[in-house]
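Down below is the structure, laid out as structure tokens.
The values are calculated or read from the model by the stated rules, or taken from the named source; none is laboratory data. What you see is a predicted model, and the numbers here were worked out from it, not measured in a lab. Here the Cβ positions follow ideal geometry from the backbone for every residue, glycine too, while neighbour counts run over all protein chains shown.
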Amino acid sequence: MFTKGIHHVAVICSNYERSKHFYVNILGLPIIQETFRAVRHSYKLDLAVGNGGAIELFSFPNPPNRPTTPEACGLRHLAFKVDDLDVSVAYLTANDILVEPIRTDELTNKRFTFFKDPDGLPLELYET
């Protein structure tokens, strides 16, 4: 197989400062690099995730809305590994983040839940 893993996931946000606060201050993702691209009127914020992965957070003037149907074609959700789901859910809830009820994956018997970023992008916590 030629792939070695996921290098990054790109996310386009509608409000850069709000999303930067969410991903950096709430989720605790370290900033690798922040770049303002004047020609595009756009920020690109590179955030570290886990062992070498990254999220590229982009801002563009007036991006189109994400389709609201969960099964719309395209990226369905982004999942983060966590050691203790209960601690992670309590932390998000304490930061006024609405979290869905915890479910159990019927194939792995692992627990997981979903919440949303400031633009409604579905994010998952998956207990490892």
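Tell me, yes or no, whether region 22-43 has at least one residue that is out of contact with any Gly (no Cβ under 9 Å at 6 or more places or on another chain), over 22 Å from Gly120 (Cα atoms) and among the acidic types (Asp, Glu). Scanning region 22-43, I find at least one residue that is out of contact with any Gly (no Cβ under 9 Å at 6 or more places or on another chain), over 22 Å from Gly120 (Cα atoms) and among the acidic types (Asp, Glu), so the answer is yes. Right, Leu125: over 17 Å from Leu27 (Cα atoms), aliphatic (A, V, I, L, M) and surrounded by 11 or more Cβ atoms within 10 Å (Cβ to Cβ) or not? So Leu125 does not fit the description; no.
Name the single residue, out of those in region 18-32 being among the aliphatic types (A, V, I, L, M) and either within 13 Å of the chain's Cα centre (by Cα) or outside the structural domain of His8 (by TED's automatic domain parsing) (or both), that is nearest to Val49 (Cα to Cα).
Taking region 18-32 and keeping what is among the aliphatic types (A, V, I, L, M), we get 24, 26-27, 29, 31-32.
Subset that is either within 13 Å of the chain's Cα centre (by Cα) or outside the structural domain of His8 (by TED's automatic domain parsing) (or both): 24, 26-27, 29.
On the way: Val24: 11, Ile26: 14, Leu27: 10, Leu29: 6 Å.
Applying the filter and picking the extreme gives Leu29.
All conditions but one from (1) free of Cβ contacts under 8 Å to residues at least 60 places away in the same chain; (2) surrounded by 13 or more Cβ atoms within 10 Å (Cβ to Cβ); (3) not aliphatic (A, V, I, L, M) apply to Pro118; the one that does not is (1).
Restricting attention to region 39-65, which residues are hydrophobic (A, V, I, L, M, F, W, C) and over 17 Å from Val24 (Cα atoms)? Steps first, answer last, please.
Start the filter on region 39-65 by keeping residues that are hydrophobic (A, V, I, L, M, F, W, C), which leaves 39, 45, 47-49, 54-55, 57-58, 60.
Val39, Phe60 - these are the residues of region 39-65 that are hydrophobic (A, V, I, L, M, F, W, C) and over 17 Å from Val24 (Cα atoms).
Consider Asn51 carefully, then state whether it is touching a residue at least 60 places away in the same chain (Cβ under 8 Å) and not assigned by TED's automatic domain parsing to the domain that holds Lys116.
No, not satisfied.
Take the conditions in the same structural domain as Val11 (by TED's automatic domain parsing), modelled with pLDDT of 95 or more and either surrounded by 10 or more Cβ atoms within 10 Å (Cβ to Cβ) or among the polar types (S, T, N, Q) (or both) and apply them to Ala90. Does it pass?
On the way: in the same structural domain as Val11 (by TED's automatic domain parsing): no; modelled with pLDDT of 95 or more: yes; either surrounded by 10 or more Cβ atoms within 10 Å (Cβ to Cβ) or among the polar types (S, T, N, Q) (or both): yes.
For Ala90, the condition - in the same structural domain as Val11 (by TED's automatic domain parsing), modelled with pLDDT of 95 or more and either surrounded by 10 or more Cβ atoms within 10 Å (Cβ to Cβ) or among the polar types (S, T, N, Q) (or both) - is not met.
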